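For reference, the structure discussed in these notes is given below.
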């Protein structure tokens with residue numbers, strides 16, 4: 001019914017001659033063999049990696065991901081705690097709420113060390129948890145005190161300090177203030193003398209010069225270059241009757 005037409009393209013078909021494949025098919029065969037050999041070389045490495053990850057996940061002690069290394073996390077937490085502790089001793093925020101938040105974050109850091117410590121090997125885990133327990137107890141007591149005393153006083157805007165005298169000289173200032181801690185009669189109540197220097201608009205460096213428990217009043221005066229005189233009268237004490245007059249040498253850069 002239909003006339004068979006000869007194929008005009010001589011390269012159409014699976015061969016260009018007797019027993020010969022087209023060049024395109026030969027290239028595809030060579031590439032497939034090369035890819036197969038590469039996959040055979042990569043497959044053992046993938047199996048070893050999978051076995052290693054499986055053992056690490058089953059043991060729960062040695063993680064397969066470097067970013068989740070428990071030793072590295074514990075070292076970073078320790079360095080962060082030391083840095084924050086030094087900042088709490090030498091730096092202050094101008095806003096009391098920021099100081100409270102910073103102290104709360106410092107007390108929360110030991111809690112983040114529990115999970116990495118549990119992922120350590122057996123003996124390292126025991127030693128780390130033994131060293132971590134006192135720190136956790138201190139943190140829990142401090143957090144309980146903040147929740148029970150400091151935070152309610154901050155919310156109610158209770159006055160816990162009162163400036164008695166302030167002197168300015170150069171880039172620093174000397175402050176005499178009466179302070180008490182939250183918790184009523186449990187904490188200290190007295191007059192504190194400190195030197196301050198502004199670092200940023202909201203942060204200043206502080207150096208404690210002296211503290212007088214039970215005092216409630218006092219005065220300051222300059223007696224020379226970088227020298228200040230403190231006077232606390234007898235009437236300035238609530239408990240012990242004392243008359244204090246001292247001279248302090250100051251440094252323009254506080255710690256240098």
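Taking the inverse of the mean reciprocal distance over all distinct Cα pairs, the Kirkwood hydrodynamic radius of segment 124-169 comes to 14.0 Å. Distance between the modelled labels on residue 243 and residue 167, one decimal in nanometres: 2.0 nm (7 Å Cα→Cβ projection).
The ranking of 193, 120, 109 by Cβ neighbour count inside 10 Å, starting from the fewest, reads 109, 120, 193. Computed on segment 94-223, the Cα convex hull volume stands at 154 Å³ per residue. In terms of its C-alpha gyration tensor, segment 66-155 has a prolate overall shape, because the principal axis ratio a/c (a ≥ b ≥ c, square roots of the eigenvalues) is not below 1.5 and a/b outweighs b/c.
What length, rounded to one decimal in nm, is gained on full extension from residue 210 through to residue 87, with 0.36 nm per residue of separation minus their alpha-carbon distance? Don't skip to the end; give the middle numbers.
Numbers: separation 123, 0.36 × 123 = 44.28 nm, distance 1.94 nm.
Stretched out fully, the residue 210 to residue 87 stretch lengthens by 42.3 nm.
Distance from the alpha carbon centroid of segment 68-100 to that of segment 108-186 works out to 11 angstrom.
Bear in mind that the values in this text are calculations on the coordinates, not laboratory data. Fair warning: this is a prediction, and the values are worked out from it, not measured in the lab. Ideal geometry is used to build each Cβ from the backbone, glycine not excepted, and the neighbour counts take in all protein chains shown.
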